[in-house]
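A short write-up of the structure that comes next.
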Amino acid sequence: MYRIAAVGTGYFARNHYEAWNRIDSVQIAALCDTDIEKAEQCAKDFGVPKVYNQVSQMLDEIQPDILDIISPSKTHLQYVKEAAKRGINIICQKPLSPSFAEARELIGKAEDSGILLVIHENFRFMPWFRKSKEFIKQGHLGDIHNILFRFRPGDGQGPGAYLDRQPYFQKLNRFLIHETGIHFIDTFRYLCGEVKSVYAHLRQINPIITGEDAGYVIFEFEDGSSGLFDGSRLNDHVADYCRLTFGEMFLEGSLGVLRLDGYGRLWWKPHGQSESELAYDWNNMNFSGDCVYGLLSHVMNHLEQGTGIENAGRDYLANLYVEEAIYHSNEKKKQVQLNDFIDSLANQDSSNSG
């Protein structure tokens, strides 16, 4: 039985606790939050036996196999350091850190200690994206031409935007891409491969918030295919619940088009033929097709059976480089080549260390 300790009891953390409780080989041994009353209530709701308000004390007393970090990103580096020096494996929520420099430091701390660090990047575990990847690998789409995702959660209008769920969204200096677009950077890489260049035009529409809440990002992938992330938090899309799929996708290839709608349905249109639904099985529970459970199960399969692991710390750096390039592109109003951009960051590091 693997012992899990977790830190964080906010809005999204409940999805973690619910999912962990469905994995037979796992016991949530303890949870931690600086607000001890919230921690006690969460522990009661999910049957967690011990509660702490200090991570260091929890790790010393519980000695878990995994620390699940579900707290705000400004706390992540501290908690990773605490786990790393004790040799405890980590799952860490995104955004990984408030800044790119801190994210690299965090990843380095985990690597130096030899522990497993997995970033909780769950969108790629949404069942419609897993099925899309399978469809691509089976060759049904042929050569990939384009991917388009229209991100439309419809939760960003007016002075009350985000206050009922994640009020800190209003104060983020980097919002659409750093908080949410990172999911689609990762999903685009999962489906289409590594990114060669980006061009971004980002906007702030709702004046009540600090950061950007809409924009376009054009991707060029290494294989020559292209992508468009068309994001707006202010508008919605056709769905019973807009935060199931968060929008609609078109994945185009030489042999046809695969389309995702707002109900989690996939539609396949072979070139020159009519469109029909592509049936597949998925669970409409927890968050967005049970993707939290999918990710946590993936990590446990790796630990128990030695299967491959997705989004380990060093691998996740690729997403962060793309995120930085997007903001750089928006600032400079130009296309950014990823390899050149990464080289420039390395040169800055050399200059600073010198």
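The values are calculated or read from the model by the stated rules, or taken from the named source; none is laboratory data. Only a predicted model underlies this, so the values are computations on that prediction, with no experimental measurement involved. Glycine gets a Cβ as well: all are built from the backbone with ideal geometry, and neighbour counts include every protein chain shown. SASA here: full protein model, heavy atoms, side chains in, ligands and nucleic acids out. Shrake-Rupley method; radii C 1.70, N 1.55, O 1.52, S 1.80 Å.
Can you tell me the alpha carbon radius of gyration of region 1-158 divided by the globular rule-of-thumb value 2.2 N^0.38 Å? Before the final figure, lay out each step's value.
Working: Rg = 18.0 Å, N = 158, 2.2 N^0.38 = 15.1 Å.
In units of the globular-protein estimate, region 1-158 measures up at 1.20.
Asn235 to Arg203: extension gain in nm, 0.36 nm per residue of separation minus the Cα-Cα distance?
Values: separation 32, 0.36 × 32 = 11.52 nm, distance 1.40 nm.
Value of the extension gain: 10.1 nm.
Sequence gap at least 6, Cα distance under 8 Å: using those rules, report the relative contact order of region 251-351 to the nearest whole percent. Mind showing how you got there, number by number?
Working: 62 pairs, mean separation 10.4, N = 101.
The normalised contact order for region 251-351 reaches 10 percent.
What does the net charge come to around Arg130 if you take all other residues with beta carbon closer than 14 Å to its beta carbon, with K and R at +1 and D and E at -1? Before the final figure, lay out the partial values.
On the way: positive: Arg124, Lys131, Lys133, Lys137; negative: Glu121, Glu134, Asp186, Asp281, Asp290, Glu310.
Once all neighbours under 14 Å are counted, the net charge is -2.
At what distance in nm do the modelled label points of Asp315 and Ser344 sit from each other, each positioned 7 Å from its Cα along Cα→Cβ?
Between Asp315 and Ser344, the simple spin-label model gives 2.9 nm.
Between region 69-98 and region 131-174, what is the separation of their alpha carbon centroids in Å?
Here the two parts' Cα centres lie 24 Å apart.
Find the centroid of the Cα atoms in region 105-120 and in region 192-262, then give the distance between the two in whole Å.
Spelled out, the Cα-based centre of one part sits 30 Å from the other.
Compute the longest continuous run of the chain that contains no exposed GluC sites (Glu not before Pro); treat a site as exposed when its DSSP state is not H, G, I, E or B and it has at most 16 other Cβ atoms within 10 Å.
That would be 1-193.
Within region 1-33, which residues have the backbone N less than 17 Å from the label spot 7 Å out from Arg86 along Cα→beta-carbon, could you tell me?
2-9, 27-33
Could you name the lysines in cross-link range of Lys85, using Cα to Cα under 17 Å and dropping any fewer than eight places away on the same chain?
Excluding near neighbours in sequence, the set is Lys109.
I want the antiparallel fraction of DSSP beta bridges within the chain, as a percent rounded to 5.
In the chain, DSSP labels about 60 percent of beta bridges as antiparallel.
If we count every other residue with Cβ under 13 angstrom of Asp60's Cβ, Lys/Arg +1 and Asp/Glu -1, where does the sum land? Intermediate values should be presented prior to the final figure.
Values: positive: Lys50, Lys85, Arg86; negative: Glu61, Glu82.
Residues near Asp60 contribute +1 overall.
Of the trypsin sites (Lys or Arg not before Pro) in region 210-319, which ones lie in a loop per DSSP and count no more than 11 other C-beta atoms within 10 Å?
none
I want to verify a result. In a Gaussian network model of the chain, Cα cutoff 10 Å, which of these has the top mean-square fluctuation: Val195, Val80, Val238?
For the chain, modelled as a Gaussian network with Cα springs under 10 Å, the answer is Val238.
Evaluate the distance, in nm, between pseudo-label points positioned 7 Å from the Cα of Thr210 and of Asn284 along their respective Cα→Cβ axes.
3.8 nm
Where does each of Asp65, Asp240, Asp186, Asp60 land when they are ordered by accessible area, with a 1.4 Å probe and the largest first?
Details: Asp65 60, Asp240 135, Asp186 0, Asp60 85 Å².
Solvent-accessible surface, decreasing: Asp240, Asp60, Asp65, Asp186.
Please give me, ordered by residue number, the trypsin sites (Lys or Arg not before Pro) of region 11-57 that lie in loop per DSSP and have at most 10 other Cβ atoms within 10 Å.
Hits after loop and neighbour filter: nothing returned.
Cβ under 11 Å from Glu323's Cβ, Glu323 left aside: what net charge do those residues give with Lys, Arg +1 and Asp, Glu -1?
-1
Taking a probe of 1.4 Å, how large is the accessible area per residue of region 240-354, in Å²?
50 Å²
Work out how much length Leu255 to Asn53 would gain on full extension: take 0.36 nm times their residue separation and subtract the Cα-Cα distance, in nm to one decimal.
That works out to 67.2 nm of additional length.
How far, in nm, would the chain grow between Glu40 and Tyr11 when pulled straight, counting 0.36 nm per residue and subtracting the alpha carbon separation?
Contour length minus the Cα-Cα distance gives 8.9 nm.
Once you order the gyration tensor axes a ≥ b ≥ c over the Cα atoms, which shape class does region 236-332 get: rounded for a/c under 1.5, otherwise prolate or oblate by comparing a/b with b/c?
Oblate, because a/c is 1.5 or more while a/b does not exceed b/c.
Hey, what's the Cα Rg ratio for the chain versus the globular rule of thumb, 2.2 N^0.38 Å?
Normalised Cα radius of gyration, the chain: 1.00.
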